[in-house]
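Read the structure below first, then the notes.
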Number of protein chains: 2
Amino acid sequence: MKKIINDPNSAVQDMLDGFVAAYPNDVKRLPGTTVIARKDAPVTNKVGIVSGGGSGHEPAHAGYVGEGMLDAAVAGEVFTSPTPDQVFEGIKAVDNGAGVLLVIKNYTGDIMNFEMAAELAEAEGINVKQVVVNDDVAVEDSSFTTGRRGIAGTVFVHKIAGAKAAQGASLEEVQAVAEKTIQNVSSIGMALTPCIVPAAGTPSFELKENEMEIGIGIHGEPGIERKEITTADEIAVELTEKVIADLGLKSGEEVAVMVNGLGGTPEMELFIVNKKVNQLLSDKGITIYDTFVGEYMTSLEMAGCSVTLLRLDQELKTLLDAESKAPAFRR
Amino acid sequence: MKKIINDPNSAVQDMLDGFVAAYPNDVKRLPGTTVIARKDAPVTNKVGIVSGGGSGHEPAHAGYVGEGMLDAAVAGEVFTSPTPDQVFEGIKAVDNGAGVLLVIKNYTGDIMNFEMAAELAEAEGINVKQVVVNDDVAVEDSSFTTGRRGIAGTVFVHKIAGAKAAQGASLEEVQAVAEKTIQNVSSIGMALTPCIVPAAGTPSFELKENEMEIGIGIHGEPGIERKEITTADEIAVELTEKVIADLGLKSGEEVAVMVNGLGGTPEMELFIVNKKVNQLLSDKGITIYDTFVGEYMTSLEMAGCSVTLLRLDQELKTLLDAESKAPAFRR
């Protein structure tokens with residue numbers, strides 16, 4: 001295992017400190033917790049938005065904390081849900097009476113712990129709603145998950161719910177637009193290599209030198225198929241066609257595209273994939289409103305990528321375009 | 001070699017197409033060239049700024065094309081300088097009579113080809129000046145380079161020269177502030193793994209499972225020392241101390257920090273390094289004005305990082321803060 005860390009047991013703590021050290025005017029770490037919150041939290045007369053999950057997906061989730069996006073992100077250990085008490089601290093830190101929306105990726109551990117935190121918060125009189133992102137079209141059930149997994153499409157939910165909250169919308173309105181985003185976003189990933197969880201020290205799976213896996217999860221959960229590596233164009237078509245089919249996208253519709261790197265993939269390769277994704281959508285008469293190429297939801301140093309499409313209407317376009325000061329999603 | 005490409009020979013071409021496909025409202029590719037320019041180039045009454053170099057360092061250099069930063073970036077093949085005719089096309093595309101500044105990383109091939117392009121442009125009556133970035137403190141001479149290499153500090157030169165040009169400064173003024181930036185920026189990198197140039201198919205060097213290399217170049221050029229991997233804190237201290245010593249930084253001075261990933265390093269590890277860089281500078285009474293953590297100047301999928309410090313005065317702070325719409329450096 002080759003990593004630039006001090007100790008597998010302190011990696012998440014060190015990372016959170018290093019994150020706050022990078023953006024001291026924008027974010028704060030709640031003392032004694034793994035919660036990164038906006039420096040000015042709780043913001044007056046605004047619904048608070050809290051997300052989070054296991055670490056190892058950076059810039060998710062702390063990179064999306066900032067004006068116009070999340071109010072707080074709660075970090076668990078690598079690939080492990082944060083505990084209910086940590087999520088509860090996040091909720092308390094961002095609530096100012098307007099209520100709090102939890103944006104949860106669909107993993108059994110996250111669902112359980114965020115729901116428990118919501119109950120703790122409600123017992124203290126905080127109004128909490130939640131949405132569950134399940135954009136991964138690869139498999140229906142998976143290790144650690146009942147139903148579809150939540151992956152890179154979650155970032156669009158953060159952006160759009162965050163923009164709606166920044167407009168002063170009610171908790172019900174913010175929840176509704178988050179749900180609308182979830183209904184209209186789909187993703188699928190692929191990997192060339194596994195990654196190594198620091199505390200484990202060895203990869204959780206292996207891929208042969210000529211092999212890739214289509215539909216892999218962001219924790220290395222099994223996908224649809226292992227097969228010989230094909231060209232970037234064939235990979236882009238396979239991923240994009242699955243997402244188009246899932247969303248039932250038709251000529252004349254408008255989308256946002258995200259070509260997301262899983263951590264170890266050079267940006268060059270992401271742009272090569274984007275070329276074909278763009279061509280394919282154009283050939284089908286689907287209009288690309290905006291494109292995001294980069295690392296948004298990673299799996300440590302895994303080499304691979306995912307393709308996300310978000311079907312847009314006027315409301316979602318306006319919210320996607322709205323200002324965001326989150327370090328990893330400046331608009 | 002596991003890569004998401006179509007053909008090693010088309011990788012750069014496909015990437016450039018995919019880049020323009022991602023930002024069609026902001027950039028254009030000059031037909032038949034490897035030049036990415038601002039969509040609105042040449043900009044009226046503004047000095048043009050052109051940079052570039054071998055590909056494989058993404059987001060450098062095309063990611064820095066945009067209002068407030070570069071007017072054009074010229075891409076060579078992977079780790080290979082662009083040819084003089086390509087650079088010449090870039091210069092012509094951005095000149096509107098106010099002249100053009102070339103920002104060149106100090107590699108013998110780049111120097112030769114950019115200088116030849118400058119001569120071609122001058123023969124056509126275009127006023128061209130150039131600056132050479134040589135921020136890498138690791139070694140004095142290197143493979144492909146006489147004198148110090150140019151690495152991640154180049155991004156600060158792009159930003160500051162770009163901001164100065166956006167203010168309507170003269171070519172001489174833009175050149176002067178670029179030179180001032182170069183005098184005040186130093187960097188050094190380290191790697192855990194090599195990378196594979198697509199056309200080569202195999203790594204240009206090897207590192208043992210327990211080995212790292214301090215002072216490595218962004219093309220895998222030899223560094224100062226190969227040794228056993230130490231902790232993130234020790235790595236951060238070694239790199240940062242070398243940069244502080246080179247700049248002669250003293251208590252009370254102000255800097256911008258860049259902790260740059262080389263392509264294959266998880267963001268988690270970069271933040272862990274940043275924690276220690278931040279502590280060390282604070283302990284020495286050096287004030288951190290701003291911090292940049294992420295992938296700015298990469299080496300394909302190489303695992304490793306570099307630390308850059310830029311000594312700031314009021315002028316450089318104002319220019320660093322100025323608006324930039326470059327996709328990889330939004331301010």
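The values are calculated or read from the model by the stated rules, or taken from the named source; none is laboratory data. Keep in mind that what you see is a predicted model, and the values were worked out from it rather than measured. Reconstructed Cβ throughout: ideal geometry from the backbone, glycine too, with neighbour counts over all protein chains shown. Note: areas computed on protein heavy atoms with side chains; ligands, DNA, RNA excluded. Shrake-Rupley method; radii C 1.70, N 1.55, O 1.52, S 1.80 Å.
How about the stretch A:34-107: which chymotrypsin sites (Phe, Trp or Tyr not before Pro) there are in a DSSP loop, with at most 12 other Cβ atoms within 10 Å of their Cβ?
Filter output for the stretch A:34-107: empty list.
Over all distinct Cα pairs, what is the inverse of the mean 1/r for the stretch B:1-70, reported as the Kirkwood hydrodynamic radius in Å?
The Cα-based Kirkwood calculation yields 13.0 Å.
Give me D for chain B in µm² s⁻¹, whole number, from Stokes-Einstein with Rh from the Kirkwood sum over alpha-carbon pairs, 10 °C and 1.306 mPa s.
Answer, rounded: 81 µm²/s.
Over the alpha-carbon set of the stretch A:147-202, divide Rg by the Kirkwood Rh and report the Rg/Rh ratio to two decimals.
1.18
Across the residues of A:77-84, average count of Cβ atoms on other protein chains within 10 Å?
Whole-number average of other-chain Cβ neighbours for A:77-84 is 0.
Over the stretch A:9-183, calculate the relative contact order: mean separation of alpha carbon pairs under 8 Å at least 6 apart, over the residue count, as a percent.
Relative CO of the stretch A:9-183 lands at 21 percent.
Counting DSSP beta bridges in the protein assembly as shown, what percent are antiparallel, to the nearest 5?
Taking every DSSP beta bridge within the protein assembly as shown, about 55 percent pair in antiparallel fashion.
Compute the semi-axes of the equivalent ellipsoid of the protein assembly as shown, taking the square root of 5 times each eigenvalue of the Cα gyration tensor, and list them largest first in whole Å.
Calculated on Cα positions only, the semi-axes equal 37, 27, 25 Å.
Label position 7 Å from Cα toward Cβ: report the copy-to-copy distances for B:S251 in nm, one decimal, ordered from shortest.
7.3
Show me B:129-141, A:11-23 ranked by packing, highest mean number of other Cβ atoms within 10 Å first.
Those peptides, ordered most packed to least, come out A:11-23, B:129-141.
Quick one: net charge of B:Q175's neighbours, Cβ under 11 Å, K/R +1, D/E -1?
0
Have a look at the DSSP beta bridges in the stretch B:9-183 and tell me what percent are antiparallel, nearest 5.
Of those bridges, close to 30 percent are antiparallel.
Can you flag which of A:K28/B:K164; A:K250/A:K275; B:K129/B:K284; B:K3/B:K129; A:K2/B:K2 are past 27 Å Cα-Cα?
A:K28/B:K164; B:K129/B:K284; B:K3/B:K129
Just the ratio, please: alpha-carbon radius of gyration of the stretch A:185-321 over 2.2 N^0.38 Å, N its number of residues.
Normalised Rg, Cα atoms only: 1.06.
Give me the inter-chain shielding for B:19-30: mean count of other chain Cβ atoms within 10 Å, whole number please.
Whole-number average of other-chain Cβ neighbours for B:19-30 is 4.
Distances from A:T202 to the same residue in each other copy, label points 7 Å out along Cα→Cβ, in nm, shortest first?
Nearest first, the other copies' label points are 2.9 nm away.
Kindly tabulate the residues in the stretch A:232-273 with an accessible-area decrease of at least 50 Å² between the chain alone and the assembly of all protein chains, using a probe of 1.4 Å.
A:P266, A:E267, A:M268, A:E269, A:F271, A:I272
B:E124 to A:E140: FRET efficiency via 1/(1 + (r/R0)^6), r the Cβ-Cβ distance, R0 45 Å, to the nearest 0.05?
For B:E124 and A:E140, the calculated efficiency is 0.10.
Probe radius 1.4 Å, ligands and nucleic acids ignored: give me the carbon and sulfur share of the accessible area of the stretch B:9-183 as a rounded percent.
Summing carbon and sulfur atoms, their accessible area is 49 percent of the total for the stretch B:9-183.
Excluding B:V185 itself, what net charge comes from residues whose Cβ is under 12 Å from its Cβ, given Lys and Arg +1 and Asp and Glu -1?
Overall, the nearby charge balance is 0.
Only loop residues by DSSP count here, and only those with at most 15 other Cβ atoms within 10 Å; note down the GluC sites (Glu not before Pro) in the stretch A:188-252 that meet that.
A:E206, A:E209
Using the Cα gyration tensor of the stretch A:1-152, with a ≥ b ≥ c the square roots of its eigenvalues, what is the shape: rounded (a/c below 1.5), prolate (a/b larger than b/c) or oblate (neither)?
oblate
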